1. Filter the stretch 222-265 down to the residues that are in a strand (DSSP E or B) and of a type in the set (D, E, K, R) and list them by number.
2. Just one of (1) at negative phi; (2) buried (at least 16 other Cβ atoms within 10 Å of the Cβ); (3) not aromatic (Phe, Trp, Tyr) trips up GLY319, so point out which.
3. What residue, among those in the stretch 331-358 that are of a type in the set (A, V, I, L, M) and closer than 24 Å to THR40 by Cα, is surrounded by the fewest Cβ atoms within 10 Å (Cβ to Cβ)?
4. Can we say THR268 is surrounded by 16 or more Cβ atoms within 10 Å (Cβ to Cβ), under 18 Å from the mean Cα position of the chain (by Cα) and in a strand (DSSP E or B)?
5. Can you name the residue in the stretch 89-122 that is within 27 Å of THR42 (Cβ to Cβ) and among the hydroxyl-bearing types (Ser, Thr, Tyr) and, of all such residues, is surrounded by the fewest Cβ atoms within 10 Å (Cβ to Cβ)?
6. For THR219, state whether it is surrounded by 18 or more Cβ atoms within 10 Å (Cβ to Cβ), β-branched (Val, Ile, Thr), touching a residue at least 40 places away in the same chain (Cβ under 8 Å) and part of a strand (DSSP E or B).
7. Only one of PHE177, PHE171, PHE153, PHE185 is buried (at least 18 other Cβ atoms within 10 Å of the Cβ), in contact with a strand residue (DSSP E or B) (Cβ under 8 Å, 6 or more places away or on another chain) and not polar (S, T, N, Q). Can you tell me which?
Amino acid sequence: MRFGSCPVPALTALALVVAIPQLAGAEFLNAARLPLSYRTWTIEVDSVEATVSQFHLPVVGSLALSENLDLVISTAYASSDLEPEGGSSLSLASASGVKGQLFVRLLGNRLLLQGGVNVPTGGTALDLDELTVVQALSSPLLGFRLKHYGEGFNVGGGAAIALPLGESATFGLGGGFVQRGAYEFVEGDEDYQPGTEISGSTGLDFNREGVPVLRLDATYRMFGEDELGEEAIFEEGDQIELQASASTVPAPLAARARVRAVIKDDNTVFTGEGENIESITLDAGRSVQVDGGLSYGISEAARIGIAGEFLQFSGDADGARDGYTFGVGPTLELGLGARARLGLEALYLSGQTDDIEDIPGADLSGFSISLGFFVSPGW
C-alpha cells in the first residue's frame, strides 16, 4: 500500500496462505520466537553517501488453548536511523501494533479457520523527520523487516483446507480478508483509511519421509481504495505472488532454496477535489527474490553453513527503485536441549540501482546480522 507519494508496504494480512504441514496433522505448540536482526546499508551516489539502518525485534508467542484451538500473539519493536552525509541524523523508534490471531482446526486438522485483530499500539502521527525515515525504509531492494510502524484497528479472517493427493502430496486452497481501521498517519493530517484487502491462495506440497521437500504456492491479492479524510487518494494494484521452495530431507548435509515473484497491476493515484477528481495510473513494478543455503551437521546439536539472497526489482513508475541487491554469509545453528534452538546468520550485502536518464544509479553496500531464538517449554 502507498500513501500519496510515500510508499508504504502492505500491512500484515492473513497468515493463511495454505499452511499445509499444519493442516495435514502437525499441531501448534506452546512456543515463543524472538528473531532479532540488524541491517544497515550505505547508499552512494556521485561520492555522496547516506546510511540507513534498522534494529528489529519481533516477538511471537503461540498457545494451545485446547486440542483444536490455538492463539498466536505477535508484536515487534524497531529502531531505524537515516544518516545523510553532512546532515543531521534522523531516527524513528517504536513498537508496531499487537496482533492476535485465533486458529481453529477441524476435520482432522485439514480445515483451518482463522480470525484476528490488530490493536493499534505502534507509532502513528509521524512528523516530517519520521516520515523521511519511513520513505528511506520503503525501498523494496533494501529488505528492511519493519517498513511501517503504526496502523489502525484491523480485523480479518479466513479459511483454508488441505486435501491429500496420494501418499506424498497435499493440495491446499484458502482465502480471507483484512478490514483496516483509520488512523492519523501524518501529524496534523486527516485520518488515513487504508483499503480493504481480499486474498485467495492455492498450494501444493510434496513430502518425502513425512518431511515437505517441495512446496508450490500462488496467491492473488485485491486492494480497495485508500482514503484521506473522506477523499479517495490511492488504490494499490492487484498482485499475484508465485513461490516455489524446496529442501532436502534432514541429513548431515542439507540444502534449501526458494524463489518468489511478485507481479502487480498498475497503481492508481487520485488527484483533485469534489467532482473534479482525476485518476493517474502508475506502474507498480515487479520483483523476483531468490534465497537459500547449505548447512552441515558437525554434531547432533550444531550445524554450520552458508546462506545467500538475491532480489531484483524492476518496472517502477519513474525507475527510481529499480535495481538489484544480494547477500552472502555464514550461518550457525545450535540445539539448546530438546525444546530450544538458536540460529545466527551474518550476510555481506551489496547492490546497485539503475541509472535514470542523466542521473547515475546508487551503489549499495552493507551487512545484516540475524539472531533467532525459539523455545517450546511444553507447558
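1. Correct list: GLU225, ASP226, GLU227, GLU231, GLU235, GLU241, ARG256, ARG258, ARG260, LYS264.
2. (1)
3. That would be LEU344.
4. no
5. So the residue we want is SER89.
6. yes
7. When all the criteria are applied, what remains is PHE185.
Where a number appears in this text, it was derived from the coordinates with a stated rule and is not lab data. Computed from a prediction, not measured in an experiment: that's the story for all the values here. Methodologically, a virtual Cβ is constructed for each residue, glycine included, from the backbone with ideal geometry; neighbour enumeration extends over all protein chains shown.
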